[in-house]
There are 2 protein chains.
Amino acid sequence: MADLDASEVAMSVWLLPPFRPRYERLSIVSEHLSVTQANFLPDPLPEKLYEGKAKVLYPTGDPDVLLSFFKDDATAFNALKRGSIARKGEINCTLSTHLFQLLESRGVATHWIDSPAADWMRVKTVEIIPLEVVVRNIAAGSLCKQTGVALGTVIDPPLVEFFYKDDDLGDPLLTPDRLRLLKVASDEDVEILRSMALTINGILREFFASCDLTLVDFKLEFGRERSGSIVLADEISPDTCRLWDSRETDPERRVMDKDRFRQDLGNVADAYEGVLQRVLAVLEG
Amino acid sequence: MADLDASEVAMSVWLLPPFRPRYERLSIVSEHLSVTQANFLPDPLPEKLYEGKAKVLYPTGDPDVLLSFFKDDATAFNALKRGSIARKGEINCTLSTHLFQLLESRGVATHWIDSPAADWMRVKTVEIIPLEVVVRNIAAGSLCKQTGVALGTVIDPPLVEFFYKDDDLGDPLLTPDRLRLLKVASDEDVEILRSMALTINGILREFFASCDLTLVDFKLEFGRERSGSIVLADEISPDTCRLWDSRETDPERRVMDKDRFRQDLGNVADAYEGVLQRVLAVLEG
């Protein structure tokens, strides 16, 4: 397989899930990349389009396609806490790849096209809807902090919440009325997002359960294609999902997601690696 | 009038709006009151039932009736900022008395019974529903801070928002789903609160407009009587309403409410006094 070119790899990724990264990890040496290992990247690499906290987006020759590089950088509390998690970029990109494929196979439209390397994803160009759509199966995180509901309270039916994606404002919670006031999405779009989020929750919850992982809550971002269609964007990973080891009851040991970084629980990289291994074991099982 | 006893005064207050305080202001000398001036107060004054940031509640001989004393103490930002505003207790009690009477005359049930002194109100015993119900006609305050909506944006139709009355949690905004999750009020009660809040907004907005005051937004609290009926409680004053001088366009000079205290705009007591004088002028006009 080592002598396949990038487009063939991309094809094989399409045809042969579960996806396995075929390239060595690329290293960022500056704003741009030093790339000779893989020919899926434009050479020279164009200026980045956008750099977020966890990913960098690059244009490609096709205006409808972007390249997304997953970084090891970790941030929390609206970037007040910064660090790095070993292999996070690869793990999150690989997990997201598998989970996007799973969702696509179940009829959920995503921005994923293919993943030509462990930490690179080709995605459809979309206009990101500035909302963080959070689904909660179990109370944790900001819900507990803000409302006093006890950590671990089962939420049935699951809660779908909308936060305004705006770092300067600290990603505030939006009521349906505030959603309407800000005009970030129409009532109809909000209903589509809610319905997609619940569908995704059903699929992911079942899948993670088969990996002995409890899907506590997660954050989704959606984008609009040029056609107007709404698709799932961003990523699905331990950065964006709270995942508890369902074989473990200890409230610290069970945590297998970014809360280990947020709360300084240690073994952060091991937890991310553990999630990947469990997911791969089930997919290959 | 000076030789009327308290019950006669109370009667006359009922019968002869607009209310005018009949007693000299009482001074708090300790946790208890040094009271010889007025015989509407139990002697000795019993232990207070509850002391909030702006009022003290005392029991009376009748379990269905409480006495509420309005303090001059001013707090803001969840009591991080503390101070005192001259004559605030009297002004807020007197304004609330008039506004509760106005609302009662328009069919809105309130906890108000009578006001035997300028800073004392007799109220029905109710169980306070732990929600701050906020009505917004114009964007200001936390709405702007949280969502980035520009100060002064007209909100039409008005927004009714619910905040969880919990100082430890910082009175967080509640979505309808979180309201349901916390079980602070049933869906039916929430609809009653929303409807009462909008009715109250219509009445107050029109009344304040006749005083050349723009009702920007305001916070209401409601209570449940022993019978289960929901009534308007707390107070209606420049502590709980944002009021802008409608003859004034300057964004600082127009402010006639607690924002003068919050934002250190000066002339705080004058603003409160100004609101009272305008309201009295209209009522007596």
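The values are calculated or read from the model by the stated rules, or taken from the named source; none is laboratory data. Note that the structure is predicted; figures quoted are calculated from it, not measured. Note that each Cβ is placed from the backbone with ideal geometry, even for glycine, and that neighbours are counted across all protein chains shown. We work out accessible area using only protein heavy atoms, side chains counted, and drop any ligands, DNA or RNA first. Shrake-Rupley method; radii C 1.70, N 1.55, O 1.52, S 1.80 Å.
Worth pointing out:
The rows are residues; the columns are (1) open to solvent by less than 10 Å² (accessible area, probe 1.4 Å); (2) farther than 14 Å from B:Asp239 by Cβ; (3) within 17 Å of the chain's Cα centre (by Cα); (4) of a type in the set (Gly, Ala, Ser).
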{"residue": "B:Pro59", "(1), (2), (3), (4)": "no, yes, no, no"}
{"residue": "B:Asp64", "(1), (2), (3), (4)": "no, yes, no, no"}
{"residue": "B:Asp73", "(1), (2), (3), (4)": "no, no, yes, no"}
{"residue": "B:Leu80", "(1), (2), (3), (4)": "no, yes, no, no"}
{"residue": "B:Ile85", "(1), (2), (3), (4)": "yes, no, yes, no"}
{"residue": "B:Asn92", "(1), (2), (3), (4)": "yes, no, yes, no"}
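- Residue within the range B:173-195 that is touching a Gly at 6+ places or on another chain (Cβ under 9 Å) and either away from every other protein chain (no Cβ under 11 Å) or under 29 Å from B:Gln263 (Cα atoms) (or both) present: no
- Here the range A:119-140 is the region considered, the condition is being within 15 Å of B:Leu181 (Cα to Cα) and either of a type outside the set (A, V, I, L, M) or away from chain B (no Cβ under 11 Å) (or both), and the residue that is nearest to the chain's Cα centre (by Cα) is A:Val135.
- Flag if A:Leu143 is open to solvent by less than 10 Å² (accessible area, probe 1.4 Å) and within 14 Å of chain B (Cβ to nearest Cβ): yes
- Filter result (touching a helix residue (DSSP H, G or I) at 6+ places or on another chain (Cβ under 8 Å), part of a strand (DSSP E or B) and aliphatic (A, V, I, L, M)) within the range A:55-99: A:Ala74, A:Ala76
- Checking each residue in the range B:100-119 for being within 26 Å of B:Tyr50 (Cβ to Cβ) and out of contact with any helix residue (DSSP H, G or I) (no Cβ under 7 Å at 6 or more places or on another chain) picks out B:Phe100, B:Gln101, B:Glu104, B:Ala109, B:His111, B:Ile113, B:Ala117.
- Evaluation of A:Ser96 against (1) at positive phi; (2) away from chain B (no Cβ under 14 Å) (one fails), failing number: (1)
- A:Val149 vs. criteria surrounded by fewer than 18 Cβ atoms within 10 Å (Cβ to Cβ) and either of a type outside the set (A, V, I, L, M, F, W, C) or farther than 24 Å from A:Tyr272 by Cβ (or both): yes
- Every pair of residues 6+ apart whose Cβ atoms lie under 7 Å, when the first sits in the range A:197-208 and is farther than 12 Å from A:Val108 by Cα while the second is assigned to a helix (DSSP H, G or I): A:Phe207/A:Leu102
- Of A:Val108, A:Val149, A:Val160, all but one fail to be outside any strand (DSSP E or B) and within 11 Å of chain B (Cβ to nearest Cβ); the exception is A:Val149.
- Hey, A:Lys165 of a type in the set (Lys, Arg), within 11 Å of another protein chain (Cβ to nearest Cβ) and under 25 Å from A:Ala109 (Cβ atoms) or not: no
- Checking A:Leu103 against (1) open to solvent by less than 20 Å² (accessible area, probe 1.4 Å); (2) modelled with pLDDT under 95; (3) not in a strand (DSSP E or B), the condition it does not meet: (2)
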